Structure formats: C-alpha cells, structure tokens
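Accompanying notes for the structure given below.
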Amino acid sequence: MKQVKFLHTADLHLDSPMVGLRHLPKSIFHRLQESTFTALKNITDAAIKHEVDFVIIAGDLFDGEDRSIRAQAVLRNEMEKLADKGIMVYAIHGNHDHLGAKSLTLDFPENVHFFSEQVEKVDYRKDDGTLVHLYGFSYPERHVMERWIEKYQKVDGADFHVGLLHGHFEGVSDHGKYAPFRLSELIEKDYDYWALGHIHKKAFLSQQPYVVYPGNPQGRNRKELGEKGAYIVSLSEAGSKVSFFDTADVIWDEAVIDGRNLLSFNALYEKCLDAIDGKRREGKGVLLSIKIEGLNSGLSDVMGKIENGELLELLQESEKEEGSFVWVHRLKFTEDIAVDRAGLIKQSDFYEELFSTIEQYDDLGNSLSPLFQHSQARRHLGMLSEREKEELVEDAERVLLQMLLKN
C-alpha cells in the first residue's frame, strides 16, 4: 500500500525579539528569547523520532526581513541533523521573511528545498516508488494581497498531492490578509493535504481533505495562549491521519479567580497560589495572567495591595529560580458592585444617556490614536482584535460606574 509520512509546521519566527518583555527576570527573559530555537529543536527531534519522510515549513521561518546570522545558523544546523537521517525539508517564505529582504544569507544543505517566488511543483519520491507532488511559492515581497491560490494547479501522475500556502482564510481571521483564499478554492484543487501557515492558532479548516493551520510552535506574547506545536501527517491509500505534538518551551496562559467569597488578603493569596500550581507544567515555563473577578467592594486594603503591586511581587518571588516556573506577569481585578441598570435609569436621565452612549460607542480607534501614533508606544503595540476592543469598553464602563456609585 502506498503511503507517506511527514511533519507539518509553520511560523517558526526564529529569533523573535520578544518586544516589551525585558522587565522579566534575566533568567526567564533569556529562556523566552531562546524559546523559538528550543521549539525548532523539538520539531527536528520529533521528525527523527517519528521517522518521517519529509518536513514541511509553511512560511515565516524567520521573524523579520533582517534574518540574523545566528537564526540562520541554528536553522541550518537543525536541517543538517535531518539530512543525516535522509529527511527532506520543503519550505516557503512568508510575509515576515519574504524573498525581497536584503540580508546576508547562509547556504543550506541539499536536503532543504525553498520554493521560488512563483508557484512551482516539486517531486518527492520514496525508495518504494511512492511519488508526492508538492506545490507552493515563497512571498516575493512582504505585502502579497493577490489571490495566489488561483495559480495552483494539480499535475497528474503522483500518488499524493500536497499544497503549501502561507495565507489568510477569508472571513475568519483578524491576521494580516495576505494571499487570501476561500476553503472551497482549496478543496476544488483536489489535493490530499493543504499545509497552511500564517495564522498563529492551530485549526482544522477541513478533514476531507485535511486543510490545516498548525499555529506557531512557540507563543511569543499574551495573545498566543495555550499549547503550541506541530503535526505528524500520514497519507495512505486507505485515508489520512493527523496527530498533534507539543513543541513550546514557554507557554502563555491565563486564569480567572472568583473573588466574591474572599474575605481577606490571605484568602486571596491562597487562591492565587492554587491557580499558579494548577498551571504548572513539568519541564516548561508558564507566563500567567490572573484576573480576579468580583472582589468585595469593602476590601479596600486588599485592592490597595493589588494596585500597588505588592501581591504581584509576592506571587513572583518564589518563581525566579524555578525551572518549571509559573511567572505571573499580569494581575487584574474587578469589584463586585451590583449594577441595577433599570433602577439607575429610573433614578436619573443621566444614566439612561450614559448607558445608551456606551452601547453605541464605536469610536475607539480615534480615542486610542494618540497612543498608536506615539513613536515609542507604537513599537510595543499590536493591532487590537474586536474582542479586545470590546473588553476595553467594558473595562471603561466598569471603572466609570464604580467611581459614580462610590460617590
């Protein structure tokens, strides 16, 4: 029976600068700086362990146009490990590491094939004669807005057909809308597997055939939550099988604590410790955001300890030298102030106008524009998702009502 096995990964973003995180302890920041390289090594180790026929990297191998020599050297060394085992590598460049970048480049071993700036077909043939056609292209420049999917064509004669595409799934993602495509366009190509890249969250768009975003193998900020990894893919005449494996060395996570029944600082502290222990993962680091919801409004002294950073420092203290650390990088709380909207509206026309204004508010972009235009702040800010915009408005409403009701 004809069959082939390969590893699918994407969005390595090697040597990502981890912008805005230098406030972390030196050992933890260094671990995070090295995490993209650690994830790459975990990928090559898995490829060797599972004895795959080849590896697919679906774009954004490097984090920027100026590919550091170190990042290239680490990647080359890992590719040489695969070459020693007879494992081929097929890679495309994405919007971050496009071919138009002006940077010094190192030569890679012969087992690595980088697709050109035009859609091309590459053949992989196993010793038993099984033939795979792989189709893909590398971004010639950073901003590729055209529908490159229209340039993909199936060439008969192979046992299996695999497409590589670094692009935007229309109508779903907030990510940069490069090389857009519709799912129907992929399926009608009649390939056996689509190896996608560009979206940093793993997703199956289809299972017949498999159309897969593996996500990035290492989260780099608080938006890239949870486990990160890649896929081992088996294609055979009997069908397809896809299995996920973990690659991240440092995981971004979040926890929510119900603060409504907490009556003291010590009770809150113990709850936070429980949350930390619940997120600890053997051999891995965790960067944790904790949100405490519904704290009793009478616990002003407890809120003060949160606002002045004392509780955060206390939670961080024992994690500095921990190998399997859980570092709380963010600690937020909300007060349990019951808001009777209907009652407030009856009480005053002011509240009716206030709630109406909040519900219709859609000018957040202009309100935040001075921040995004600031030369220093802009470097540390990413584009806000629709959910993040909603949360900002909700937080603003909550703070405003707390101030009004207290007075």
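Every residue, every condition in (1) touching a strand residue (DSSP E or B) at 6+ places or on another chain (Cβ under 6 Å); (2) surrounded by fewer than 21 Cβ atoms within 10 Å (Cβ to Cβ); (3) free of Cβ contacts under 8 Å to residues at least 24 places away in the same chain; (4) not assigned by TED's automatic domain parsing to the domain that holds residue 64, yes or no:
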{"site": "142", "(1), (2), (3), (4)": "no, yes, no, no"}
{"site": "149", "(1), (2), (3), (4)": "yes, yes, no, no"}
{"site": "157", "(1), (2), (3), (4)": "no, yes, no, no"}
{"site": "162", "(1), (2), (3), (4)": "yes, no, no, no"}
{"site": "165", "(1), (2), (3), (4)": "yes, no, no, no"}
{"site": "185", "(1), (2), (3), (4)": "no, yes, no, no"}
{"site": "198", "(1), (2), (3), (4)": "yes, no, no, no"}
{"site": "201", "(1), (2), (3), (4)": "no, yes, yes, no"}
{"site": "208", "(1), (2), (3), (4)": "no, yes, yes, no"}
Subject >> Pick from segment 334-346, criterion at pLDDT 75 or above and out of contact with any Gly (no Cβ under 7 Å at 6 or more places or on another chain), ranking: surrounded by the fewest Cβ atoms within 10 Å (Cβ to Cβ) >> reply: 345
**OP:** Would you tally the residues in segment 64-94 being part of a loop (DSSP other than H, G, I, E, B) and crowded, with 20+ Cβ neighbours inside 10 Å?
**Re:** 4
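For residue 345, state whether it is within 24 Å of the chain's Cα centre (by Cα) and among the β-branched types (Val, Ile, Thr). Before you say what the answer is, go through the steps one by one.
Details: within 24 Å of the chain's Cα centre (by Cα): no; among the β-branched types (Val, Ile, Thr): yes.
Here the answer is no, as residue 345 does not meet what is asked.
May I ask you to list the residues in segment 210-233 that are outside any loop (DSSP other than H, G, I, E, B) and crowded, with 17+ Cβ neighbours inside 10 Å?
210, 211, 212, 213, 229, 230, 231, 232, 233
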Original post:
So, in segment 290-325, of the ones that are exposed (fewer than 14 other Cβ atoms within 10 Å of the Cβ) and not in a loop (DSSP other than H, G, I, E, B), which residue ends up modelled with the lowest pLDDT?
Top reply: 300
**OP:** Having 1 or more residues that are under 30 Å from residue 69 (Cβ atoms) and small (Gly, Ala, Ser) is the bar; report the strands (runs of 3 or more DSSP E) wholly within segment 105-166 that clear it.
**Re:** 131-136
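Could you tell me whether residue 45 is farther than 28 Å from residue 158 by Cα, surrounded by fewer than 24 Cβ atoms within 10 Å (Cβ to Cβ) and free of Cβ contacts under 8 Å to residues at least 24 places away in the same chain? Full working, then the answer.
Details: farther than 28 Å from residue 158 by Cα: yes; surrounded by fewer than 24 Cβ atoms within 10 Å (Cβ to Cβ): yes; free of Cβ contacts under 8 Å to residues at least 24 places away in the same chain: yes.
In short, yes.
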**OP:** Report, by residue number, each residue of segment 192-219 that is touching a Phe, Trp or Tyr at 6+ places or on another chain (Cβ under 8 Å) and more than 22 Å from residue 181 (Cα to Cα).
**Re:** 219
Subject >> Members of segment 253-292 found to be among the polar types (S, T, N, Q) and closer than 20 Å to residue 324 by Cα, listed by number >> reply: 289
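Which residues, taken from segment 42-101, are at positive phi and touching a strand residue (DSSP E or B) at 6+ places or on another chain (Cβ under 6 Å)?
Quick first cut of segment 42-101, residues at positive phi only: 51, 59-60, 86.
Within segment 42-101, just 59 meets the criteria.
The values are calculated or read from the model by the stated rules, or taken from the named source; none is laboratory data. What you see is a predicted model, and the numbers here were worked out from it, not measured in a lab. No Cβ is skipped: glycine too gets one built from the backbone with ideal geometry, and neighbour counts run over all protein chains shown.
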